[in-house]
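Take a look at the structure set out below.
The values are calculated or read from the model by the stated rules, or taken from the named source; none is laboratory data. Remember, it's a predicted structure, so these values are computed and weren't measured experimentally. Cβ sites come from the backbone with ideal geometry, for glycine too, and all protein chains shown count toward neighbours.
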């Protein structure tokens, strides 16, 4: 077997390794930040084809109000959802009555298109609105 001599001059200088490691850390950090940031860059895509967040909130309020004929029982999950969407509408400000009316009109259009499956539509819409509420930071006591 042939002997190989190692000379101290054959090593990569420490400063080059340090610069390369630092550049690698910065690159990985920048890529992580770009991926994290891109999740917020896309438009939110409002539920059920609603054009704005206030109309989406009005739609979800109408769903919560329609879930139980005669109104939701006090203190239950559906009442909490209705309260959340009312609070959301207040948060947005502006024409609350207009947003509620637009949401109710869109729900009415969707229920008309459901043709005999209105109950299933309301249940699915309630699920979708509840998930959106959770995305907006809602905390439902009924789920705790």
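Observations, loosely collected:
- The single condition from (1) part of a helix (DSSP H, G or I); (2) within 20 Å of the chain's Cα centre (by Cα); (3) at pLDDT below 90; (4) closer than 20 Å to residue 68 by Cβ that residue 138 fails is (1).
- Entirely in the range 12-129, the helices (runs of 4 or more DSSP H) that have 2 or more residues that are within 26 Å of residue 140 (Cα to Cα) and at pLDDT 85 or above: 53-67, 77-92, 96-114
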